[in-house]
1. Taking into account only those residues within the range 162-184 that are modelled with pLDDT of 95 or more, surrounded by 14 or more Cβ atoms within 10 Å (Cβ to Cβ) and among the hydrophobic types (A, V, I, L, M, F, W, C), which is farthest from GLN59 (Cα to Cα)?
2. Any residue at all in the range 185-198 that's under 20 Å from GLN47 (Cβ atoms) and open to solvent by less than 60 Å² (accessible area, probe 1.4 Å)?
3. State yes or no: is THR151 over 14 Å from ARG178 (Cα atoms) and either at pLDDT 90 or above or of a type outside the set (S, T, N, Q) (or both)?
4. Out of the residues in the range 82-130 that are assigned to a loop (DSSP other than H, G, I, E, B) and within 12 Å of the chain's Cα centre (by Cα), which is surrounded by the fewest Cβ atoms within 10 Å (Cβ to Cβ)?
5. Can you find, within the range 40-81, the residue that is surrounded by the fewest Cβ atoms within 10 Å (Cβ to Cβ) among those that are under 16 Å from the mean Cα position of the chain (by Cα) and among the β-branched types (Val, Ile, Thr)?
6. Going residue by residue through the range 170-187, is there one that turns out to be under 20 Å from ASP136 (Cβ atoms), in a loop (DSSP other than H, G, I, E, B) and out of contact with any helix residue (DSSP H, G or I) (no Cβ under 6 Å at 6 or more places or on another chain)?
7. How many residues does the range 21-38 contain that are open to solvent by 60 Å² or more (accessible area, probe 1.4 Å), at pLDDT 80 or above and not hydroxyl-bearing (Ser, Thr, Tyr)?
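The values are calculated or read from the model by the stated rules, or taken from the named source; none is laboratory data. All values derive from a computational prediction rather than experimental measurement. Using ideal geometry, Cβ is built from the backbone for each residue, glycine included, and neighbour counts are taken over all protein chains shown. Protein only, heavy atoms only, side chains kept; ligands, DNA and RNA dropped before computing areas. Shrake-Rupley method; radii C 1.70, N 1.55, O 1.52, S 1.80 Å.
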Amino acid sequence: MCRSRRLHYPVVVLVLLSLLGACAAQTPPVCDSTVTSFHADPTNCNQYYSCYQGLATLQTCPDQKYFDTTRTLCDIPANVACTIGPCTGNTGLKAMAIPNVCISYTMCVGETPFNVTCADGTLFDEVFGDCVLAKDSTCVENPCLTVDPATAVPTTLYPVLNSCKKYIICDKLNPVVRTCVGTTVFNRSTSKCVASTDYVCPPGTAV
């Protein structure tokens, strides 16, 4: 099981992380367009693919849980027979993005994974290999992957984490980014565009 802690690494180590290389490429399964199905990721215990309308989407179990192929659900590692992790085969230090997660990342120390949570106002950036100001991060979370396509309502609005003006509506599993008009900003509490004088933008976000 991954251990959770807040860590900070100097720039020298971050440069080293960028030189260590990426993990092996992942090959998604071939999906049957007539059925919805779920498939384990052969390179990572806490990831799996969901197949919907012929499209395979890589998803991550919450709270560092593992995907159980027999029960097709996420459970605590003690209940799932899986020995593959995000740091398997790693021999140095490596910062690895967690698919569809921007507020934290996995730091591999050898083959031991540590979950690192970004400070308020920052998001993980895969290019830099660390948490940066939200507005400078290229990380994107797709909230539509956590919504049941059969019950998704297009009027539900989700924030774009690095912006105070942009928001997302879901077209099934696909995110559609919209921008609040004029000087209005997106209020994450009410999920509406409001006057900039009526809402304090989250720290680090672009306005």
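1. The qualifying residue farthest from GLN59 (Cα to Cα) is CYS180.
2. Filtering the range 185-198 down to residues under 20 Å from GLN47 (Cβ atoms) leaves none.
For the range 185-198, residues under 20 Å from GLN47 (Cβ atoms) and open to solvent by less than 60 Å² (accessible area, probe 1.4 Å): absent.
3. Values: over 14 Å from ARG178 (Cα atoms): yes; either at pLDDT 90 or above or of a type outside the set (S, T, N, Q) (or both): no.
No.
4. First, the residues of the range 82-130 that are assigned to a loop (DSSP other than H, G, I, E, B): 82-92, 99-100, 110-111, 118-121, 126-129.
With within 12 Å of the chain's Cα centre (by Cα) added as a condition, the list becomes 99-100, 126.
Details: PRO99: 18, ASN100: 18, GLU126: 16.
Checking each candidate, the answer is GLU126.
5. In this case the residue turns out to be THR57.
6. no
7. Going residue by residue through the range 21-38, those that are open to solvent by 60 Å² or more (accessible area, probe 1.4 Å) are 22-28, 30, 32-36, 38.
If we keep only those that are at pLDDT 80 or above too, we end up with 28, 30, 32-36, 38.
Next, from what is left, pick out any that are not hydroxyl-bearing (Ser, Thr, Tyr): 28, 30, 32, 35, 38.
Residues flagged as open to solvent by 60 Å² or more (accessible area, probe 1.4 Å), at pLDDT 80 or above and not hydroxyl-bearing (Ser, Thr, Tyr) within the range 21-38 amount to 5.
Every residue, every condition in (1) touching a helix residue (DSSP H, G or I) at 6+ places or on another chain (Cβ under 8 Å); (2) modelled with pLDDT under 90; (3) outside the structural domain of TYR48 (by the TED database), yes or no:
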{"position": "ILE98", "(1), (2), (3)": "no, yes, yes"}
{"position": "SER104", "(1), (2), (3)": "no, no, yes"}
{"position": "CYS108", "(1), (2), (3)": "no, no, yes"}
{"position": "GLU111", "(1), (2), (3)": "no, yes, yes"}
{"position": "GLY121", "(1), (2), (3)": "yes, no, yes"}
{"position": "GLU126", "(1), (2), (3)": "no, no, yes"}
{"position": "TYR158", "(1), (2), (3)": "yes, no, yes"}
